[in-house]
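Take a look at the structure set out below.
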Amino acid sequence: MDVDPRQYEQIAINENDVNNIILSYLIHNCYKESSESFISCTGMKQPADHLENMEKRKRIFHHALEGNVLKAIELTGQLAQDILENNNDLLFDLLSLHFVDLVCSKKWTEALEFAQTKLSPYSVKEQKYMDKIEGFMSLLAYENPVECPMFHLIGLDYRQQVVDSLNQTILAHFNLPIHTAMERLIQQTSVVRQCLSQEDGGPPPFSLKDFLKSR
Amino acid sequence: MEMDSLPNGNNTAGTPISATATATANPAPPQSSNLPQLTESLKLEHQFLRVPFEHYKKTLRANHRAVEKEMSAVISGVTEAAAADLSPDDAVNHLNSLVCRLQGLKRKGFYSFDFLFAVLSLEEGSRAEHLQAQKCRVRLDHLESADAENMSEWNNTRMKRILVDYMLRMSYYDTAVKLAKSSNLQDLVDIDVFQEAKKVIDALQNKDVAPALAWCADNKSRLKKSKSKMEFQLRLQEFIELVRAENNLRAITYARKYLAPWGATHMKELQRVIATLAFKRDTECSTYKVLFEAKQWDYLVDQFKQEFCKLYGMTLEPLLNIYLQAGLSALKTPYCYEDDCTKEDPLSQEAFRTLAMPLPYSKQHHSKLVCYITKELMDTENPPQVLPNGYVYSTKALEEMAKKNNGRIICPRTGLVCSYTELVKAYIS
């Protein structure tokens, strides 16, 4: 049955639903110990394989973020052979992260050899890889890569973006949701509130930043 | 005469040029003031005046820099002497050496900017400045000397100037020098300017960018003003040569020093060239393979020629091409490509037809009719008249015929006999 909208604020939310949302977030982002503590405190039950895969994802995640991309690629291959074999875009992006690490470490010769043996073969596949290679190679033309117009390629935002993409790809491979329930809920809430705010007398749009600030 | 010995084809080539030059150079009726002719000439002779002037300005700037450099050295020398605690003898020696520098400066030639064409005031003027100022004056005099009485000679000189210009641009320097010398044209052509370009072009053809880079440095402010990227392209090519030699670390150092500054404005080109480090010289990837081809040096030569001509105010095309195209375009009509085109028409020849193919037809406001009998143009003063049989002849010819035949007209093509009074005047649209 439909609930009267005026009663929304009064509806009690099922405790179990809240717990599921929180656990989903912790698992997605590889907070293993927090997940275990949360499960034991709430008395929830979860399949063991979730935790096992999370441990492996965590190591891959950290290697990639810490600048050890080749190790991350190796571990991903061990997890499942075809995750990266079937995803040229992601593999290229990971390899380019390694190139960036070499450039920032001022290992020019190593960077060049890596570009010649690992990056340039992609150019025969599609034009878009050629454009990307040109962008990365231009970092070499600057004593301080930060001065290069393509400096965003050495930034944390770009690295985070690639690593997030890797995490999502691994999750998808195991038929796990690639977005957390929390993320979905916030997206849906924002859209609903946006629509309602356009009605006369509707509530203001939802802003996560404002919401967190008001707590 | 030099020109008489040219092959017949070249003589024919001269015809449209002469015709056009005559028509253009002599728009005013004879005996009138020179001013209209000079005005018309200046429109076509921009390069003729501009090049020696630019050359002169360049020499002035170079000498000015030398003067300033010497003066600042002398002034700082005097300042040092004042500050230092020198003995009287040492002070005298120091000042003597400064005086010697000033005397050397005097020989370089001080000059006044009040009058660019004024005679240099110093007893020992700069030879180069003097010669270049003289050349400017000679050319002004030459343009002023064009008048109805010596137009034929003047046009002949112009034709030779045009040929020398063409030879210089095609790098036929020796031939150009010989023609200029044998016709006494030295002050009317730009051989010395093109010799400057020759050094750079020869070096580029030997895959050496140093003279070109030196030329860019000499003309830095003007190239920057015109947003030239000549230097950038030279730097890119030198980078490519380092990559070709697999001198990768030196290539990276070179890029940081000479290519990075251009990144803000030419990032896409910079990226494409830098990427050759990842692809190496033997790549099969066509985007980068082309960068390693020898013809890239030919592009640099062409680019340099364009920049050079632009800087000196020269036309980008040889004068010969411009005059030839103007002449052929003026003569070109659809009739020229028909089989019965008259042999007197230059476009009856295959070579000229080929040259004229991409050119537009001449703009004819009115039809032009030529009398079959007299070969003269039929116009409002000599209108065409139609015989009863439909054939058309000029009024003058028909009047002449009637006078000789008691008022009777005999058609030269059909033999028809009729009375002058039976003719009907026709109008040209």
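The values are calculated or read from the model by the stated rules, or taken from the named source; none is laboratory data. A quick note: this is a predicted structure, and the numbers were derived from the prediction, not measured. As a convention, Cβ positions derive from the backbone with ideal geometry for all residues, glycine included, and neighbour counts pool all protein chains shown. When the accessible area is computed, the model is the full protein with side chains, heavy atoms only, and any ligands, DNA or RNA have been set aside. Shrake-Rupley method; radii C 1.70, N 1.55, O 1.52, S 1.80 Å.
Each row is one residue, and each column tells you yes or no for (1) closer than 30 Å to B:Ile252 by Cβ; (2) at pLDDT 80 or above; (3) under 19 Å from the mean Cα position of the chain (by Cα).
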{"site": "B:Tyr312", "(1), (2), (3)": "no, yes, yes"}
{"site": "B:Cys336", "(1), (2), (3)": "no, no, no"}
{"site": "B:Ala356", "(1), (2), (3)": "no, yes, no"}
{"site": "B:Glu381", "(1), (2), (3)": "no, no, no"}
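Restricting to the stretch B:213-237, count the residues that are more than 14 Å from chain A (Cβ to nearest Cβ) and closer than 20 Å to B:Lys280 by Cβ.
1
Considering each of B:Thr287, B:Thr283, B:Thr276 in turn, give the residue that is within 14 Å of chain A (Cβ to nearest Cβ) and touching a Leu at 6+ places or on another chain (Cβ under 7 Å).
Of the residues listed, the single one that is within 14 Å of chain A (Cβ to nearest Cβ) and touching a Leu at 6+ places or on another chain (Cβ under 7 Å) is B:Thr276.
Does B:Pro346 satisfy being surrounded by 11 or more Cβ atoms within 10 Å (Cβ to Cβ) and either of a type in the set (Lys, Arg) or more than 30 Å from B:Leu328 (Cβ to Cβ) (or both)?
Taking the combined requirement at face value, the residue does not satisfy it.
Considering (1) touching a residue at least 24 places away in the same chain (Cβ under 8 Å); (2) open to solvent by 10 Å² or more (accessible area, probe 1.4 Å); (3) closer than 28 Å to B:Leu168 by Cβ, say which one B:Asn206 fails and leave the rest.
Just one mismatch for B:Asn206, condition (1).
Could you list all residues from the stretch B:348-374 that are under 23 Å from B:Glu422 (Cα atoms) and either among the acidic types (Asp, Glu) or free of Cβ contacts under 8 Å to residues at least 12 places away in the same chain (or both)? Give the derivation first.
Start the filter on the stretch B:348-374 by keeping residues that are under 23 Å from B:Glu422 (Cα atoms), which leaves B:369-374.
B:Val370, the sole residue that qualifies.
Quick test for you: out of A:Gln160, A:Gln194, pick the one residue that is more than 14 Å from every other protein chain (Cβ to nearest Cβ), surrounded by fewer than 14 Cβ atoms within 10 Å (Cβ to Cβ), under 30 Å from A:Glu85 (Cβ atoms) and out of contact with any Phe, Trp or Tyr (no Cβ under 7 Å at 6 or more places or on another chain).
A:Gln160
Kindly provide the set of residues from the stretch A:128-187 that are of a type in the set (Ser, Thr, Tyr) and assigned to a helix (DSSP H, G or I), ordered by number.
The answer is A:Tyr129, A:Ser138, A:Tyr158, A:Ser165, A:Thr169.
Residue under question is B:Thr421, and the condition is that it be part of a loop (DSSP other than H, G, I, E, B) and either modelled with pLDDT of 85 or more or loosely packed, with under 14 Cβ neighbours inside 10 Å (or both); does it hold?
No; evaluated as a whole, the condition is false for this residue.
From the set of residues in the stretch A:81-113 that are more than 29 Å from A:Leu171 (Cα to Cα) and crowded, with 20+ Cβ neighbours inside 10 Å, which is nearest to the other protein chains (Cβ to nearest Cβ)?
Step by step, filter the stretch A:81-113, then rank; the result is A:Leu112.
Could you list all residues from the stretch A:116-125 that are within 25 Å of the chain's Cα centre (by Cα) and either in a loop (DSSP other than H, G, I, E, B) or at the interface with chain B (Cβ under 9 Å from one of its Cβ atoms) (or both)?
A:Leu119
Could you figure out which of (1) surrounded by 15 or more Cβ atoms within 10 Å (Cβ to Cβ); (2) among the aromatic types (Phe, Trp, Tyr); (3) more than 30 Å from A:Phe151 (Cα to Cα) isn't true of B:Tyr299?
Going through (1) surrounded by 15 or more Cβ atoms within 10 Å (Cβ to Cβ); (2) among the aromatic types (Phe, Trp, Tyr); (3) more than 30 Å from A:Phe151 (Cα to Cα) one by one, B:Tyr299 breaks only (1).
Hey, can you tell me all the residues within the stretch B:229-245 that are free of Cβ contacts under 8 Å to residues at least 12 places away in the same chain and of a type in the set (D, E, K, R)? Full working, then the answer.
The first filter runs over the stretch B:229-245 and keeps only residues free of Cβ contacts under 8 Å to residues at least 12 places away in the same chain, leaving B:245.
Scanning the stretch B:229-245 gives no hits.
Might you check whether a residue that is away from chain A (no Cβ under 11 Å) and closer than 22 Å to B:Glu307 by Cβ occurs anywhere in the stretch B:241-260?
Yes, the stretch B:241-260 contains a residue that is away from chain A (no Cβ under 11 Å) and closer than 22 Å to B:Glu307 by Cβ.
Which condition does B:Cys216 not pass, out of (1) modelled with pLDDT of 90 or more; (2) open to solvent by 60 Å² or more (accessible area, probe 1.4 Å), if it passes all the others?
For B:Cys216, the failing item is (2).
Scan the stretch A:147-154 and give yes if some residue there is among the hydrophobic types (A, V, I, L, M, F, W, C), open to solvent by 50 Å² or more (accessible area, probe 1.4 Å), out of contact with any Leu (no Cβ under 9 Å at 6 or more places or on another chain) and within 14 Å of chain B (Cβ to nearest Cβ), otherwise no.
No, the stretch A:147-154 contains no residue that is among the hydrophobic types (A, V, I, L, M, F, W, C), open to solvent by 50 Å² or more (accessible area, probe 1.4 Å), out of contact with any Leu (no Cβ under 9 Å at 6 or more places or on another chain) and within 14 Å of chain B (Cβ to nearest Cβ).
Go through (1) surrounded by 14 or more Cβ atoms within 10 Å (Cβ to Cβ); (2) out of contact with any Phe, Trp or Tyr (no Cβ under 8 Å at 6 or more places or on another chain) and name the single condition B:Ile409 misses.
(2)
Considering (1) open to solvent by less than 10 Å² (accessible area, probe 1.4 Å); (2) without any contact (Cβ under 8 Å) to a residue 24 or more places away in the chain; (3) away from chain A (no Cβ under 14 Å); (4) of a type in the set (Gly, Ala, Ser), say which one B:Ala294 fails and leave the rest.
(1)
Criterion first (farther than 23 Å from B:Cys285 by Cβ, buried (at least 17 other Cβ atoms within 10 Å of the Cβ) and either of a type in the set (Val, Ile, Thr) or more than 8 Å from chain B (Cβ to nearest Cβ) (or both)) does A:Ile133 satisfy it? Even if it seems obvious, please write down each step before you answer.
On the way: farther than 23 Å from B:Cys285 by Cβ: no; buried (at least 17 other Cβ atoms within 10 Å of the Cβ): yes; either of a type in the set (Val, Ile, Thr) or more than 8 Å from chain B (Cβ to nearest Cβ) (or both): yes.
Spelling it out, it is not the case that A:Ile133 is farther than 23 Å from B:Cys285 by Cβ, buried (at least 17 other Cβ atoms within 10 Å of the Cβ) and either of a type in the set (Val, Ile, Thr) or more than 8 Å from chain B (Cβ to nearest Cβ) (or both).
Check whether at least one residue in the stretch B:82-99 is at pLDDT below 50 and polar (S, T, N, Q), and report yes or no.
Taking every residue of the stretch B:82-99 in turn, none turns out to be at pLDDT below 50 and polar (S, T, N, Q).
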